[in-house]
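Undergrad: Please see the structure below; I have some questions.
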Amino acid sequence: MQVHSFLHEDTETYTHVLADADQQLCAIIDPVLNFDPKSGTTSTESADEVIEFVRRQGWELVYIIETHAHADHLSAAIHIKDVLGGQLVIGKYITEVQKIFKQIFNFDTSFRTDASQFDLLTDEGTTLNLGSITITTMHVPGHTPADMAYVATDSEKSAVFTGDTIFAPDVGTARCDFPGGDAKTLYHSIQRLLALDEDTVMYLCHDYPSKGRQHCPTTTVAAQKMGNIHVKDGINEAEFVQMRERRDATLEMPRLIIPSVQVNIDAGKLPEPEDNGTRYLKVPINAL
């Protein structure tokens with residue numbers, strides 16, 4: 001098993017490439033589309049870096065995995081699929097998020113809320129085969145109803161791709177105040193992750209390092225249990241929920257939530273061009 005991580009500095013997002021190098025097969029997890037909110041300009045620069053890496057290795061892309069519908073960056077899944085192929089994977093509970101945000105954005109009846117925009121839907125315990133690597137899905141709601149973690153195992157080691165459920169020990173945990181989020185649910189989801197073997201490597205979707213620390217894509221279950229500022233050993237459910245709800249009440253909405261969510265619940269597809277050839281995103285006023 002190999003994992004290669006690429007940092008998108010603007011959103012502090014990690015895209016991971018998981019590979020069985022012997023069989024030349026790989027998966028890309030949480031790819032990022034560059035988006036400038038000031039001008040509304042997109043580019044594929046960051047995704048193309050990942051694409052070029054995969055091509056240099058001579059690997060076949062089997063899966064493009066989204067851990068959830070991100071609220072802090074636009075997905076580059078469609079671009080990567082167009083270039084490299086592969087099946088677009090997300091958790092089946094994305095349908096709940098689609099229904100919530102279809103109402104918020106007042107999408108018309110052409111917007112599908114059955115997740116048919118994606119190729120493969122995962123549920124708790126779903127397994128995906130990537131050569132000698134088995135990828136097992138864990139449903140870890142709380143940040144959103146649809147969050148999934150993906151546990152990759154081969155004969156040598158295990159790794160888990162956590163999405164936004166948990167961050168580095170000095171950063172803590174995901175917020176729970178988005179529509180459909182719940183702090184109590186998140187606490188129990190995190191406890192399931194912390195029940196994995198202590199030497200399991202956790203691959204983070206984001207890192208927001210404290211002063212003096214460089215960005216890092218990984219931590220371990222043991223490090224989280226020992227030092228996560230929100231959920232280390234000894235912090236109970238009630239303490240966590242109180243902390244999380246108080247903290248969430250002080251947070252601003254993510255800078256890119258409005259463009260990100262409406263694109264990502266549609267599998268990363270940008271809106272169709274209007275009659276003048278331009279694509280438009282909607283901005284709900286006083287709705288979030």
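Undergrad: If you restrict to DSSP beta bridges whose two residues both lie in the chain, what percentage is antiparallel, to the nearest 5?
TA: Working: 36 of 50 bridges.
Bridges in the chain that DSSP calls antiparallel: roughly 70 percent.
Undergrad: Let me ask something else about it. With contacts defined as alpha carbon pairs under 8 Å and 6 or more residues apart, what's the relative contact order of segment 70-153 in percent? Walk me through the numbers before you get to the answer.
TA: Numbers: 104 pairs, mean separation 22.3, N = 84.
Once divided by the residue count of segment 70-153, the mean separation gives 27 percent.
Undergrad: Just need the relative contact order of the chain here, percent rounded to a whole number, with Cα pairs under 8 Å and 6+ apart. If you can, show how the numbers build up before the last one.
TA: Values: 599 pairs, mean separation 48.8, N = 288.
Reported as a whole number, the value is 17 percent.
Undergrad: Set the Förster radius R0 to 30 Å, insert the Cβ-Cβ distance between Asp82 and Thr134 as r into 1/(1 + (r/R0)^6), and round the FRET efficiency to 0.05.
TA: On the way: r = 28 Å, r/R0 = 0.93.
The pair Asp82/Thr134 has a calculated efficiency of 0.60.
Undergrad: What residues have an amide H closer than 5 Å to that of Tyr93, excluding those fewer than 5 places away on the same chain, when H is modeled at 1.01 Å from N in the peptide plane?
TA: none
Undergrad: Given axes a ≥ b ≥ c from the Cα gyration tensor, I'd like to know whether the chain is rounded (a/c under 1.5), prolate (a/b larger than b/c) or oblate.
TA: Numbers: a/c = 1.56, a/b = 1.09, b/c = 1.42.
Here the chain falls in the oblate category.
Undergrad: Right, something else. Order these by the 10 Å Cβ neighbour count, fewest first: Tyr280, Tyr150. Intermediate results must be reported in sequence, preceding the final value.
TA: On the way: Tyr280 12, Tyr150 26.
Going from least to most buried by this count: Tyr280, Tyr150.
Undergrad: Let me ask something else about it. May I ask you to evaluate 6.51 cos²θ - 1.76 cosθ + 1.60, the Karplus curve with θ = phi - 60°, for each residue of segment 203-218 and list the ³J(HN,Hα) values in order in whole Hz, giving x for glycine and proline?
TA: Per-residue couplings from phi come out as 9, 8, 7, 9, 9, 10, x, 5, 4, x, 10, 7, 4, 9, x, 9 Hz.
Undergrad: Something else: Please list, ordered by chain and number, the residues whose modelled amide H lies under 5 Å from the amide H of Thr200; skip anything fewer than 5 residues away on the same chain.
TA: Val221, Ala222
Undergrad: Count the net charge of all other residues whose Cβ sits under 14 Å from the Cβ of Glu60, scoring Lys and Arg as +1 and Asp and Glu as -1.
TA: Working: positive: Arg55, Arg56, Lys81; negative: Asp20, Asp22.
Once positives and negatives cancel, what remains is +1.
Undergrad: Could you list Lys211, Lys81 in order of exposure, starting from the residue whose Cβ has the fewest other Cβ atoms within 10 Å?
TA: Values: Lys211 5, Lys81 19.
Going from least to most buried by this count: Lys211, Lys81.
Undergrad: Across segment 237-249, in residue order, what do the Karplus-derived ³J(HN,Hα) couplings come to in whole Hz, using 6.51 cos²θ - 1.76 cosθ + 1.60 with θ = phi - 60° and x for Gly and Pro?
TA: 4, 4, 4, 5, 4, 4, 4, 5, 5, 5, 5, 4, 5
Undergrad: Next question. Which far-off residues, 5 or more places away or on another chain, put their amide H under 5 Å from the one on Leu33, with H placed in the peptide plane?
TA: Counting only residues 5 or more places away or on other chains, the set is Leu74, Ser75, Ala76.
Undergrad: Let me ask another. Which of the three applies to segment 1-123, rounded, prolate or oblate, going by the alpha-carbon gyration tensor with a ≥ b ≥ c and a/c under 1.5 meaning rounded? Don't skip to the answer; put the middle values down first.
TA: On the way: a/c = 2.21, a/b = 1.41, b/c = 1.56.
Cα axes put segment 1-123 in the oblate bin.
Undergrad: For every other residue with a beta carbon closer than 13 angstrom to the beta carbon of Pro141, add +1 if it is Lys or Arg and -1 if Asp or Glu, then tell me the sum.
TA: Values: positive: Lys92, Lys184, Arg192; negative: Glu96, Asp123, Glu124, Asp147, Asp164, Asp182.
Once all neighbours under 13 Å are counted, the net charge is -3.
Undergrad: Separate question: Using θ = phi - 60° and the Karplus form 6.51 cos²θ - 1.76 cosθ + 1.60, what ³J(HN,Hα) does each residue of segment 257-263 get, whole Hz, x for Gly and Pro?
TA: Computed from phi, the couplings for segment 257-263 are 4, 5, x, 5, 5, 5, 7 Hz.
Undergrad: Find which of Thr95, Pro217, Pro31 sits farthest along the positive direction of the dipole of the chain, computed with +1 on the beta-carbon of Lys and Arg, -1 on that of Asp and Glu, about the Cα centre.
TA: Thr95
All of the numbers you see were taken from the coordinates with simple rules; none came from a lab. Quick caveat: nothing in here was measured; it's all calculated off a predicted structure. No Cβ is skipped: glycine too gets one built from the backbone with ideal geometry, and neighbour counts run over all protein chains shown.
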